[in-house]
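One structure is given below, encoded as structure tokens.
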Amino acid sequence: MLTRPPLTLPPDQMREAGRRAIELIIDRMNEGELGPVLVRRSRHDLEQGWDEPIPEHGQDLVGLLERLAVDALPSGMHSDHPRCFAFVPTSGNYPAVLADALTAAFLSVPGAWLVGSGPTQLELVTLRWLRELLGLDGCFGGLFVSGGSIANLTALTAARDSLLGGDLTAARVYCSTQAHPSIARALHIIGLTREQLVVLPPDDRLRLDPALLAERIRQDRDGGGRPFLVVATIGTTGTGAVDPLAELADVCEREGLWLHADGALGAAAAATDRGRRMLAGLNRVDSLTLDPHKWLFQPYELGCVLLRRPEQLKQTFAMARHFLDSGYLMVSESEGLEPNLSDYGPQQTRGLRALKLWLSLKTFGANAFRDAVDQGITLAEHAATLIGEHPELEAASEPGLGVVTLRYRPPGLPPGPDLDSLQAELARTVLEAGFAMITTTAVRGETVLRMCTINPRTSARHIDDTLDHIVACGRALAARAERSAATAHPGR
Ligand SMILES: *Cc1c(COP(=O)(O)O)cnc(C)c1O
């Protein structure tokens, strides 16, 4: 009798499970606003259902898929919901889901050319398209990674090696208070202390201030410090502010420093005409982080790191540089024109993450992406206009790339701790009501509401409804506060 190899299923069962998986995927992706924006579950509740013993015997795959899709996977935030404005939502897209399944089936690994020539070629062409989409010069090159944090880490490691060699003594890095924590974490990983990161207060538009930066660099040099790296942010996560790239590039050129731009949130805006104007100077950075799993609508995980001189990645990461007695790798050593992408970053075996962007760009065309990014900018402007017109709402910062911040301010309540705690309570109330998802952030030490408007499923109506909802929740909270103040101080 013919026996099947271990860990395989007969083709008819594969087909049946595959059809069911596709149905579940299509249902999930078409939930829209009929689905929940957030499914809150306690640890206890989820443990009850899912903290099971290791399964010693196999079960029916279709049943397992259904159980996953009904119970565990939907728990949490639904970032593709049109009223999800929290953090940095992504919508995902169907070709990308299929791309992830295909690369898994074909065991694609764009690490060494010999092992994954086709996948490597697909990654290289996707990188070029991304470069062209954003109007970056032809010299930029790099690779796809898991996300913005690892893109930052990869770029900062190359910057350290290029400018410091092996000696980190007295090295100094500059960013503003608005930079993302992944920058500080990356510096920690590559061996710099927190004291070596100079965190500057931002200007009145919450941007890194080039004059202050230049001044601080001079002081640090006078004090024996070794400035080597400036980190600019393209679209700060808090308010969407864009650091002035051209002026920062001037400072860095003059001082011989590396300019890294963390564009995890905002670099995609360069796909549009007005975004490109806001990002003037983009081509002058030494390295750039992008996060297609944010504003290029890809499912997790897809980040990207690009360097103006990509060979600097190779100098840091080439397997040959870190040679041990690993003769077994010799057959896959790269020959000139046929690159091993595992030489350009910290991973040897790597997935073909690029394929989801490749397939979605091919399916929808670059113009659909440009329009979708543009819509996110328009929606932020639309929200800012409504906030400006409403007597009980006020903007907390100027509208940034796909981000607005605001306060609900009842008549007569001045800025201060009461107004701050009202915003925090308001955000909680909105979460509990389950109509929309927004978060709070801190702007100049004050608690404010934050909405990220880059979800392509969101329309102006969803913004209008959400702002109305915020006002309604705010009025209810303010009325309750007044009633309890009246009870505490009767006759006042
Ligand atoms: C999201 C974000 C990151 C981190 O990216 P991940 O993909 O979450 O690792 C870094 N910088 C900025 C500005 C971000 O918005």
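The values are calculated or read from the model by the stated rules, or taken from the named source; none is laboratory data. The model shown is predicted, which means the values in this text are computed figures rather than measured ones. Here Cβ is always computed from backbone atoms with ideal geometry, including for glycine, and neighbour counts include all displayed protein chains.
Restricting to region 244-295, and then to whatever is more than 10 Å from the ligand (Cβ to nearest atom) and among the polar types (S, T, N, Q), can you tell me which residue is nearest to THR157 (Cα to Cα)?
My answer is SER287.
Condition test on SER117, is it of a type in the set (Ser, Thr, Tyr) and surrounded by 17 or more Cβ atoms within 10 Å (Cβ to Cβ)?
No, not satisfied.
Using the structure shown, decide if GLY138 is touching a residue at least 24 places away in the same chain (Cβ under 8 Å), more than 16 Å from the ligand (Cβ to nearest atom) and in contact with a Lys or Arg (Cβ under 8 Å, 6 or more places away or on another chain).
no
Across region 48-104, what is the total count of residues that are within 16 Å of the ligand (Cβ to nearest atom) and touching a residue at least 60 places away in the same chain (Cβ under 8 Å)?
Adding up the residues that qualify gives 12.
ARG450 - would you say it is closer than 22 Å to SER79 by Cα, surrounded by 19 or more Cβ atoms within 10 Å (Cβ to Cβ), at pLDDT 95 or above and of a type outside the set (Phe, Trp, Tyr)?
When the stated conditions are applied, ARG450 passes them.
Find all pairs meeting these conditions: Cβ atoms under 8 angstrom apart; at least six residues apart or on different chains; first residue within region 144-167 and among the aliphatic types (A, V, I, L, M); second residue near the ligand (Cβ under 7 Å from one of its atoms).
Between residues of region 144-167 that are among the aliphatic types (A, V, I, L, M) and residues that are near the ligand (Cβ under 7 Å from one of its atoms), the close pairs are VAL145/GLY303; ILE150/GLY303; ALA151/ALA264; ALA151/THR289; ALA151/ASP291; ALA151/GLY303; LEU153/SER182; ALA155/THR289.
Among the residues of region 388-409, how many are over 21 Å from THR233 (Cβ atoms) and in contact with a Pro (Cβ under 9 Å, 6 or more places away or on another chain)?
4
How do the helices (runs of 4 or more DSSP H) wholly within region 27-107 filter down when requiring 3 or more residues that are touching a helix residue (DSSP H, G or I) at 6+ places or on another chain (Cβ under 9 Å) and surrounded by 14 or more Cβ atoms within 10 Å (Cβ to Cβ): which remain?
Because the criterion is at least 3 residues that are touching a helix residue (DSSP H, G or I) at 6+ places or on another chain (Cβ under 9 Å) and surrounded by 14 or more Cβ atoms within 10 Å (Cβ to Cβ), the helices (runs of 4 or more DSSP H) in region 27-107 that meet it are 61-67, 94-105.
Scan region 200-237 for residues that are out of contact with any helix residue (DSSP H, G or I) (no Cβ under 6 Å at 6 or more places or on another chain), small (Gly, Ala, Ser) and crowded, with 23+ Cβ neighbours inside 10 Å and report the count.
The number of residues fulfilling the criteria is 1.
Starting from residues that are under 16 Å from LEU307 (Cβ atoms) and surrounded by 21 or more Cβ atoms within 10 Å (Cβ to Cβ), keep the ones in region 158-177 and report whichever is farthest from the chain's Cα centre (by Cα).
In this case the residue turns out to be ARG160.
Pairs under 7 Å by beta carbon, first residue without any contact (Cβ under 8 Å) to a residue 24 or more places away in the chain in region 385-405, partner in a strand (DSSP E or B) and surrounded by fewer than 20 Cβ atoms within 10 Å (Cβ to Cβ), six or more apart or different chains?
GLY388/ALA395
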